[in-house]
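Each reported figure results from applying straightforward, stated rules to the coordinates on display, with no laboratory input. The structure presented is a predicted model; accordingly, all values stated were derived computationally and were not measured. Using ideal geometry, Cβ is built from the backbone for each residue, glycine included, and neighbour counts are taken over all protein chains shown.
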Amino acid sequence: MSDVSSIIASDSVGQNVFKGLSNQELDRIMRRTTRVRVAAKAPIFQIGDLAENVLIIESGRVRTIYTAADGQEYTTGIWSRGYAVGLISAIMASKRILSVEAIDDVTLLALPIADLEKVIVECPAFARNLMEALAFMASSGITRATKLATKSVQARLAAALMAVATLPESMRTGHSAEIVGISHEEWARLVSTTRPWVTRALSDLQSQGLIVSYRMRIVIPDVRRLRGVRY
């Protein structure tokens with residue numbers, strides 16, 4: 001299965017902008033894109049950069065980052081194939097509102113703004129997927145803000161583990177999942193807390209048999225049990 005075919009087959013609800021497209025529609029879009037490869041840990045773009053395109057993830061994972069006035073970084077999400085990075089700023093033809101960094105070696109499909117506007121007109125199914133993607137971004141932002149305001153570190157971390165476990169790069173076997181390549185510091189940024197608090201929360205989840213934590217690797221024996229965390 002090719003990388004693009006893998007994107008179409010992805011079941012990431014609300015994230016896959018190629019979902020349900022015909023081969024003709026996909027070919028029309030692909031002719032307007034350029035592949036961009038970025039090494040793991042390298043920046044893709046920064047807050048304040050002028051948006052010239054939307055970047056659709058073909059393979060690998062990225063993190064979106066907000067940097068506060070005091071320089072503190074907060075990870076707003078971890079995303080994988082089919083997700084349109086920089087979609088809001090591209091549609092608004094404005095400056096980037098978040099920074100993006102590669103977690104793994106990443107391949108992106110760069111679609112220039114001018115071509116994005118043409119494809120939206122030519123491919124109604126693609127336009128619908130973009131609308132769903134924007135709705136997903138708004139919904140996930142509201143959900144994240146609510147959890148930060150009302151949930152404990154353990155509950156926020158459990159939710160983050162569940163979300164990342166659904167990405168294609170996470171290894172799934174039956175009801176178990178394995179997440180690799182993400183540090184305690186990165187989990188801390190994702191749930192807006194400190195590294196010691198994340199280490200403590202991981203230890204708490206592990207003591208309950210909900211996860212097994214290693215360096216840069218977390219095993220979830222049964223995702224159904226982790227989903228039930230209600231701190």
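Which one of LEU55, VAL198, GLY20 is farthest out on the positive end of the charge dipole of the chain, using unit charges on Cβ (Lys, Arg +1; Asp, Glu -1) and the Cα centre as origin? Positive-end residue among those listed: VAL198. The label-point distance for ALA114 and LEU148, in a model that sets each label 7 Å from Cα toward Cβ, rounds to 3.7 nm.
Taking every pair of Cα atoms in the range 151-227, average 1/r, invert it to obtain the Kirkwood radius, and report Rg/Rh to two decimals. Kindly include the intermediate steps, with their values, before the conclusion.
On the way: Rg = 11.1 Å, Rh = 12.1 Å.
My calculation of the ratio gives 0.92.
From the alpha carbon centroid of the range 43-59 to that of the range 161-231 is 28 Å.
Relative contact order of the range 6-122: 37 percent, from C-alpha pairs under 8 Å at least 6 residues apart in sequence. Ranking GLY141, VAL36, SER89 by how far each Cα lies toward the positive end of the dipole of the chain (charges on Cβ) leaves GLY141 at the top. Across the chain, C-alpha contacts under 8 Å between residues 6 or more apart give a mean separation that, scaled by the residue count, equals a relative contact order of 20 percent.
Sorting the segments 44-50, 187-193 by their mean number of nearby beta carbons within 10 angstrom, highest to lowest, gives 187-193, 44-50.
Near the amide H of ASN53, within less than 5 Å, lie the amide hydrogens of ILE113, all on another chain or at least 5 residues away, with H placed in the peptide plane.
A simple spin-label model places pseudo-atoms 7 Å from Cα toward Cβ; at ILE97 and ARG217 they are separated by 3.9 nm.
Pairs of Cα atoms under 8 Å, at least six residues apart: use those to get the relative contact order of the range 151-227, whole percent. Can you show the working numbers first?
Numbers: 105 pairs, mean separation 27.1, N = 77.
Value for the range 151-227: 35 percent.
When the chain is described by a simple charge dipole with +1 on each Lys and Arg Cβ and -1 on each Asp and Glu Cβ, the residue from GLY228, HIS184, PHE45 located farthest towards its positive end is GLY228. Placing unit charges on C-beta atoms (Lys and Arg positive, Asp and Glu negative, everything else neutral), compute the dipole magnitude of the chain about its Cα centre in debye, rounded to 20. Dipole of the chain, to the nearest 20 debye: 640 debye. Which entries of LYS41/LYS118; LYS41/LYS95; LYS19/LYS151; LYS95/LYS151 have Cα-Cα distances beyond 29 Å here? With Cα atoms farther than 29 Å apart: LYS41/LYS118; LYS19/LYS151; LYS95/LYS151.
Indicate the helices, whole DSSP H runs only, in the chain that combine a mean Kyte-Doolittle hydropathy of -0.5 or more with a Cα extent along their long axis of 30 angstrom or more.
Going by DSSP H runs, the hits are 124-150.
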